[in-house]
Every structure is written in structure tokens, then in C-alpha cells.
Amino acid sequence: MSMGAATTQDIQNLLKLRKRIAVVGLSDQPFRTSYMVSEYMQNAGYEIIPVNPNVREVLGQKAFSTLEEIEGHVDIVNVFRRSEYLPEVARSAAKIKAGFFWAQLGLYSAEAEEILQSATIPYIMDKCIKVEHAMIR
């Protein structure tokens, strides 16, 4: 898997093989982008794990306050937090040895990129997982 500059083939392989997604910043409000994208991915067969300290449950799944609270391996950390929070989330992703880090459309951090590269975690920033999934179906 390419780090940073993932090809269409890389994305296709990722989304076919990795089905457990921890969504950092997942809102319980159906009109929020994080909810709509996660609901789409859940309906497409992915396990969605909400990570948001302000909610108890989203999309019928128990929410966790942090990535570190999740039991078992996380295939993809999908982030819906502002860019300034990406380094913090990248550090948490490194601690749990996440399989992949995905920052949603409009999100980028050079510091997070350095953290992920040091931890050898492949990543994508500034792309929507829902859009990418729809393109490879």
C-alpha cells in the first residue's frame, strides 16, 4: 500500500480487504456528513465503530471516547475532525497499530503525515471514503 499517494488500485484493495472502521468524530446527528458517510459504509457491509466522547451510541453501535478503548484490531481509522486535531489522532492510531489512517475530504496535516510515516501506517488525506468506495463498486 502506498503511503500518502495511494493509487486507485491501492484504495480498491484497501476497501475490499479491510472492513472494520473506527470513525473518529462520528456524530449522532443524521444531517452531519460523518453520519451520512458512516451510514453508507455500514450499509455497504463495513463494521463502524463510533469514536466520540460526546455520544453513547451511533448507528446502533456503542461509541468509544478514544481509539485506545476499542478492543481488537482496527483496520481503518477514518477521521472527521478538523485538521489541527489530526496529529493527536495519528498518535492514537499509532498506539493502537491501526492498519490504515484516512482523513476525510478537506483534512490534511503535515505533522500527522510525519507521525504516520514514522509509525509505518499507510494513510490517505483529503479524500472522502464514501466517494472512493462508490467509484470502485
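The values are calculated or read from the model by the stated rules, or taken from the named source; none is laboratory data. Source: prediction; values computed, not measured. We place every Cβ from the backbone using ideal geometry, glycine too, and count neighbours over all the protein chains shown. Just the protein is used for accessible areas: all its heavy atoms, side chains included, with ligands, DNA and RNA removed. Shrake-Rupley method; radii C 1.70, N 1.55, O 1.52, S 1.80 Å.
Annotations
- For the chain, the Cβ-based charge dipole about the Cα centre amounts to some 320 debye (Lys, Arg positive; Asp, Glu negative; other atoms uncharged).
- In segment 60-125, the ratio of gyration radius to Kirkwood radius, Rg to Rh, stands at 0.94 when only Cα atoms are counted.
- Beta bridges per DSSP with both ends in the chain, % antiparallel, nearest 5: 10
- Long-range amide H partners of Tyr123 with built H, under 5 Å: Gly4, Phe101
- Using a cutoff of 8 angstrom between alpha carbon atoms and counting only pairs six or more residues apart, the relative contact order for segment 49-137 works out to 22 percent.
- Taking θ as phi - 60° and the Karplus parameters 6.51, -1.76 and 1.60, the scalar couplings of segment 121-137 work out to 9, x, 8, 9, 10, 6, 9, 8, 5, 5, 4, 5, 4, 4, 6, 9, 5 Hz in sequence order, x denoting glycine and proline.
- One decimal place: the segment Glu57-Ser118 gains 18.7 nm when fully extended, by the rule 0.36 nm per residue minus the C-alpha distance.
- Between segment 87-109 and segment 1-80, the alpha-carbon center distance in angstrom: 11
- Estimated distance in nm for a label pair at Arg91 and Thr66, the labels positioned 7 Å out from Cα along Cα-to-Cβ: 1.0
- Across the accessible surface of the chain, with the other protein chains kept in place and a 1.4 Å probe, carbon and sulfur atoms take up 47 percent.
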